[in-house]
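The values are calculated or read from the model by the stated rules, or taken from the named source; none is laboratory data. Being a predicted model, the structure only gives us computed values, none of them experimental. Because the Cβ atoms are built from the backbone with ideal geometry, glycine has one as well, and the counts that use them run over all protein chains shown.
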């Protein structure tokens, strides 16, 4: 198993993982068309949106995946991948110490439910995370239903924490009931509710904004460092 950055070649598999996970979740399934009406046009919109996010020239986003093929014998897998989990990070605020505005999304979305979830994520960033000008925002965390409860989502969150430790910073996320349990286990704090669109749900408490402050990891002192200090003093 390997956690790595997704490439454009991975996007069809990433799309499959995301839609399978959403269709299997009672809360988030409200934000997509019913499974039977997810036609090629709708799937292509999601592919186009993810291609925009995975573009190496787009510095506002990071798409991380768990690829099981990376841990198997190369003779068995060749160049194939087996993507089972996905994390999409909005990192646009990491380089901006003054504003928390969402990054621009140029892909047109025709489905009103998909537009609603995009609006929800933007609203959380501007309303709930405005006091954290430099943060990594986990906008989506999904594991294929066939591979759930095996720790792959945990691996993706840990990878985000490791990245945040390099300079210190804040991780933010929006969580439904299952995500709330996962993030709480990492020490994320609940900072309030995010209002769901009225047409999608009546329970405004179902989605929570969560925050984790990650301190900068101090470099461990080596024997050479100690020797230099001794000689200098």
Mind checking which residues of the range 1-13 are closer than 20 Å to residue 154 by Cα, at pLDDT 90 or above and in contact with a helix residue (DSSP H, G or I) (Cβ under 6 Å, 6 or more places away or on another chain)?
3, 6
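Matching residues to (1) surrounded by fewer than 19 Cβ atoms within 10 Å (Cβ to Cβ); (2) within 24 Å of residue 148 (Cβ to Cβ); (3) modelled with pLDDT under 95:
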| site | (1), (2), (3) |
| --- | --- |
| 66 | no, yes, no |
| 72 | yes, yes, yes |
| 83 | no, yes, no |
| 104 | yes, no, yes |
Using beta carbons and a limit of 6 Å, which pairs, at least six apart or on different chains, have the first residue in the range 71-97 and under 22 Å from residue 169 (Cβ atoms) and the second one surrounded by fewer than 11 Cβ atoms within 10 Å (Cβ to Cβ) and modelled with pLDDT of 80 or more?
none
May I ask you to list the residues in the range 10-20 that are farther than 20 Å from residue 207 by Cβ and either touching a residue at least 60 places away in the same chain (Cβ under 8 Å) or outside any helix (DSSP H, G or I) (or both)?
10, 13, 14, 16, 17, 20
When every residue in the range 21-38 that is in contact with a helix residue (DSSP H, G or I) (Cβ under 7 Å, 6 or more places away or on another chain) and without any contact (Cβ under 8 Å) to a residue 60 or more places away in the chain is compared, the one surrounded by the fewest Cβ atoms within 10 Å (Cβ to Cβ) is 35
